[in-house]
Structures are given as structure tokens and as C-alpha cells.
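J.: The structure that follows is given in the form of C-alpha cells.
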Amino acid sequence: MGKFSGQIFLITGAARGLGRDCALHLAKLGADIGVIDINFESFKDFDGEAALMTAENVIEEIRNLGVRAADATADIGNREQVFAAVDQIAQELGDITGVFCNAGGGMGAPDGNKATEMNWEHYHAVIDRNLHGTVYTCNAVAPMMKKKKAGKIVTMGSIGGLTAGSDGAYAHYAVAKAAIIHYTHYLAQELGPYNITANCVAPGYMATGRLKELYKQAGEDTFLSRNAIKRFGTPEDVSSAVEFLLSDESSFISGTTLEVTGGAIGRVRVD
């Protein structure tokens with residue numbers, strides 16, 4: 001019996017990166033896992049991500065750990081697709097008891113999309129895949145949790161949603177993440193009487209298979225100089241934080257943001 005045996009967790013954006021690592025981490029602890037992604041082969045676009053794979057896709061990786069898994073393909077920014085995907089997974093596995101709203105991501109160059117120089121295509125896409133996708137997912141799973149008067153919701157914030165970079169760049173992504181953090185506060189207030197907690201994790205500079213190469217190209221010291229702990233975060237750092245927020249150990253914690261930043265908050269700047 002694992003720590004999460006009998007639990008049914010949903011992870012969005014789980015084909016690669018932080019979502020995949022979290023799905024595998026929770027599966028190793030005994031949870032049955034439902035995953036939603038728009039493309040379960042997206043890891044093939046990044047050599048660093050492809051090198052981590054141990055099976056044809058994350059679904060097979062989860063099942064190889066001896067737990068049940070269900071997958072559904074959906075555009076996280078499309079409300080109808082998200083609700084259909086959640087319903088499909090619940091029909092296969094049962095009512096969802098915990099969710100990690102991981103799906104999201106940015107778009108465009110890191111020094112682009114400044115506060116008054118927005119690429120509107122990027123702006124709408126990033127708001128959809130981050131904020132709207134999180135809202136849709138939570139609205140789809142909440143009825144199951146309300147019915148059982150129990151549940152755990154974890155949303156995905158970012159260091160960008162906590163503090164502004166000094167050049168005003170990547171504002172579309174940062175604003176979406178800030179909105180998710182505040183939305184999580186509202187979730188906690190509404191759902192508390194149902195014994196449902198809602199919290200957010202806010203990662204800093206994470207060395208995923210995709211981002212490692214970007215850090216090297218931009219110069220690793222540029223990023224590491226902003227961390228109090230002089231290393232990049234790992235996917236396991238985020239997965240461990242999500243584990244805590246989905247566990248009974250966090251039963252009296254709700255409406256908070258757990259910063260997984262290596263002490264970077266208050267130190268972000270553009271050199």
C-alpha cells in the first residue's frame with residue numbers, strides 16, 4: 001500500500017516536463033493517475049525531454065508502475081474539451097480526489113511581450129492555456145469533490161506571478177500566473193466548507209529537459225545569480241511540493257502559495 005493508494009489524481013499538461021515528473025512521482029506513491037494533454041508526443045520536440053522517456057508515452061510509463069492510468073487529449077484553453085476530458089477520465093478511473101492544474105506555459109521570446117508592447121496572438125494564447133485552462137479544470141472537478149466533501153486542488157503559479165522583472169518583459173505570462181494565484185485564494189474560500197483545500201505552487205528557474213538548453217544558451221550564471229540557493233530547481237523539487245499539498249499533512253493549509261524558487265523572490269532582475 002502506497003501513501004496515495006485509493007486516490008485518483010488528475011494532472012494536466014503531463015506529456016513532458018514538470019507535469020510528467022509529477023504524474024510519475026504520484027504514481028510511485030500508489031495513486032491512480034489521469035492525465036490531460038493536447039499532444040502526448042510533444043516530448044519528441046525536445047531532445048532533453050525525449051531522453052528522459054522510459055516508454056512510448058507517459059501513460060505507459062504510469063501503467064508500468066503498477067497503477068491505473070487514463071488519458072484524454074484536450075486543448076486546455078477550450079472549455080468544452082476540458083469538461084469532456086475530465087468526464088472521460090472520471091468514467092474510467094472514478095471520481096477525482098486531487099488535481100494538479102499544471103498545463104500552461106509561455107509564448108514568444110523571453111525579452112518580448114512587454115507590458116505595452118504585447119503580441120496579441122501570444123497574449124490571448126497564454127491567457128487561455130494558463131488562466132482559463134486552470135479555471136475550466138477546477139470547475140470540472142469541483143462537483144466530484146463537493147459531493148464527497150473532500151478534495152485537494154493544486155494550481156501552477158510562477159515566480160513571474162509573484163514579482164515583476166525589471167524590464168517589463170514576458171508580461172502576458174506573468175499576469176496569467178498572478179491571476180491564477182489570486183484565483184486560488186477564491187477557490188480556497190469557496191471550497192473550505194466542503195473540506196476541500198486549494199493551494200498554488202510557484203516554481204522559479206527549473207531545469208527541465210526543455211529548459212536546460214535555454215539556460216545554457218542564455219548563460220546559466222545570469223539565472224543562478226538570482227537564486228539564494230545556487231542551483232537550478234529540478235522537476236522533483238516541484239513534485240515533492242505537490243505531493244505535500246495533495247497529502248493529509250497539508251490538511252489545514254489552504255489559500256497559500258508555496259514558493260519553489262531557491263530563494264529567488266525579491267532578487268529577480270534583468271542584468
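Every number in this text was worked out from the coordinates using simple rules, so none of it is lab data. Small disclaimer: the values here were computed from a predicted structure and weren't measured. All Cβ positions, glycine included, derive from the backbone under ideal geometry; neighbour counts span all protein chains shown.
J.: Can you sort 25, 124, 172 by how many other beta carbons sit within 10 Å, fewest first? Intermediate values should be presented prior to the final figure.
T.: Working: 25 19, 124 15, 172 26.
Fewest-to-most ranking of 25, 124, 172: 124, 25, 172.
J.: In whole Hz, with x marking every Gly and Pro, tabulate ³J(HN,Hα) for the stretch 115-121 from phi via Karplus 6.51 cos²θ - 1.76 cosθ + 1.60, θ = phi - 60°.
T.: With the stated coefficients, the stretch 115-121 comes to 3, 10, 10, 7, 7, 5, 4 Hz.
J.: Counting only residues 5 or more places away or on other chains, whose amide H sits under 5 Å from the amide H of residue 70 once H atoms are built in the peptide plane?
T.: Excluding prolines and chain starts, which carry no amide H, the hits are 33, 34, 35.
J.: Then there is this: Please compute, over every Cα-Cα pair in the stretch 1-154, the percentage with a separation greater than 24 angstrom. It would help to have the intermediate numbers written out before the result.
T.: Numbers: 3949 of 11781 pairs.
Considering the stretch 1-154, 34 percent of its Cα-Cα pairs are separated by more than 24 Å.
J.: Among the lysines, which fall within straight-line cross-link reach of residue 3, defined as a Cα-Cα distance under 17 Å, with same-chain neighbours fewer than 8 residues apart omitted?
T.: 28, 152
J.: Less than 11 Å Cβ to Cβ from residue 203, Lys/Arg counted +1 and Asp/Glu -1: what total charge do the surrounding residues give? Walk me through the intermediate numbers first.
T.: Values: positive: 177; negative: 237, 259.
Once all neighbours under 11 Å are counted, the net charge is -1.
J.: Here is a further query. Per residue of the chain, what 222 nm ellipticity follows from adding -39500 (n - 2.57) for every DSSP H run with n ≥ 4, rounded to the nearest 500?
T.: Numbers: 10 runs with 107 residues, N = 271.
Only helices count here, giving -12000 deg cm²/dmol.
J.: Next question, about the same structure. What lysines sit close enough to residue 114 to cross-link, taking a C-alpha to C-alpha distance under 20 Å and skipping anything fewer than 8 places away on the same chain?
T.: Of all the lysines, those that pass the test against residue 114 - Cα under 20 Å, at least 8 places apart if same chain - are 177.
J.: Long-range amide H contacts for residue 260: which residues qualify at under 5 Å (H placed 1.01 Å from N, peptide plane, sequence gap of 5 or more or a different chain)?
T.: Counting only residues 5 or more places away or on other chains, the set is 202, 204.
J.: Further question on the same structure: Need one number: % antiparallel among DSSP beta bridges in the chain, to the nearest 5. Present the calculation step by step, with values, prior to reporting the outcome.
T.: Values: 1 of 29 bridges.
So the antiparallel bridges in the chain amount to around 5 percent.
J.: Using Cβ contacts closer than 10 Å as the measure, can you line up 1, 118 from fewest to most? Display every interim value, and only then the final one.
T.: Numbers: 1 6, 118 16.
Fewest-to-most Cβ neighbours within 10 Å comes out as 1, 118.
J.: What's the ranking of 50-62, 136-148 by average number of surrounding C-beta atoms within 10 Å, highest first? Please list the in-between numbers first.
T.: Details: 50-62: 16.4, 136-148: 19.4.
Per-residue Cβ counts within 10 Å, averaged per peptide and sorted highest first, yield 136-148, 50-62.
J.: Report, by chain and number, residues whose modeled amide H sits under 5 Å from the one on residue 151, excluding near sequence neighbours (fewer than 5 apart, same chain).
T.: Result for residue 151 returns 197.
J.: By how many degrees, 0 to 90 and rounded to 10, does the Cα axis of helix 235-246 deviate from the longest principal axis of the chain?
T.: So the inclination is approximately 40 degrees.
J.: While we're on this one: Compute the long axis of helix 133-148 from its Cα atoms, compare it with the longest principal axis of the Cα atoms of the chain, and write down the angle in degrees, 0 to 90, nearest 10.
T.: 30 degrees
J.: While we're on this one: Arrange the following residues from fewest to most other Cβ atoms within 10 Å of their Cβ: 127, 253, 96.
T.: Details: 127 17, 253 14, 96 25.
Placing the least packed residue first, the sequence is 253, 127, 96.
J.: So what are the three principal axis dimensions of the chain from its Cα atoms, in whole Å, longest to shortest?
T.: 49, 40, 35
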